[in-house]
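Everything below concerns the one structure shown next.
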Amino acid sequence: QVQLVESGGGLVQPGGSLRLSCAASGSIFRIYNMGWYRQAPGKQRELVAQITSDGTTNLVDSVKGRFTISRENAKNTVYLQMNSLKPEDTAVYYCTMVRGTTAYWGQGTQVTVSS
């Protein structure tokens, strides 16, 4: 059974930075596409960033130039580096691991951007 464990969330002031990590169990991490979603209170869950098994990345327009997604297959880990954070980035961030019709989700980590 695959498990995803996110970490790195917290409270940060506007303009600050956080790095989220998502560690996956299992030995086939490298063949999966990985992603980060977020869900703010009262809003639908939205895709923030994706990285494919071959390292191709895609980010939603609202975070381009501020967020970076990366992966370290040797550690079964995907990262989301978040810089220049804004209050509207406040949400629960979820890690996902996808291959075909199979998808796994983490439990989420809270990110709050507030002064």
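The values are calculated or read from the model by the stated rules, or taken from the named source; none is laboratory data. Note that the structure is predicted; figures quoted are calculated from it, not measured. No Cβ is skipped: glycine too gets one built from the backbone with ideal geometry, and neighbour counts run over all protein chains shown. Just so you know, the surface numbers come from the protein's heavy atoms only, side chains and all, with ligands and any DNA or RNA stripped out. Shrake-Rupley method; radii C 1.70, N 1.55, O 1.52, S 1.80 Å.
Sort through SER21, SER70 and tell me the only one that's hydroxyl-bearing (Ser, Thr, Tyr), free of Cβ contacts under 8 Å to residues at least 40 places away in the same chain and in contact with a Gly (Cβ under 9 Å, 6 or more places away or on another chain).
SER70
Could you list, ordered by first residue, the pairs with Cβ atoms under 6 Å in which the first is in segment 89-114 and among the basic types (Lys, Arg) and the second is open to solvent by less than 50 Å² (accessible area, probe 1.4 Å), at least 6 apart or interchain?
ARG99/TYR32
Test THR112 against the criterion of being surrounded by 13 or more Cβ atoms within 10 Å (Cβ to Cβ) and within 26 Å of GLY15 (Cα to Cα), and give yes or no.
Yes: the conditions hold for THR112.
Residue-by-condition table, conditions (1) in a loop (DSSP other than H, G, I, E, B); (2) of a type in the set (A, V, I, L, M):
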residue: VAL2; (1), (2): yes, yes
residue: LEU11; (1), (2): no, yes
residue: MET34; (1), (2): no, yes
residue: ARG38; (1), (2): no, no
residue: GLN44; (1), (2): yes, no
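Looking at segment 24-51, I want the residues that are under 14 Å from LEU4 (Cα atoms) and have a partner that is open to solvent by 40 Å² or more (accessible area, probe 1.4 Å) and among the β-branched types (Val, Ile, Thr) with Cβ atoms under 6 Å, at least 6 apart or on another chain. Which pairs are those?
ASN33/THR52; ASN33/VAL98
For residues that are hydrophobic (A, V, I, L, M, F, W, C), under 18 Å from GLY106 (Cβ atoms) and under 16 Å from the mean Cα position of the chain (by Cα), tally how many sit in segment 10-63.
Count: 13.
May I ask you to say which residue of THR52, THR68, THR90 is under 17 Å from SER114 (Cα atoms) and surrounded by 14 or more Cβ atoms within 10 Å (Cβ to Cβ)?
THR90
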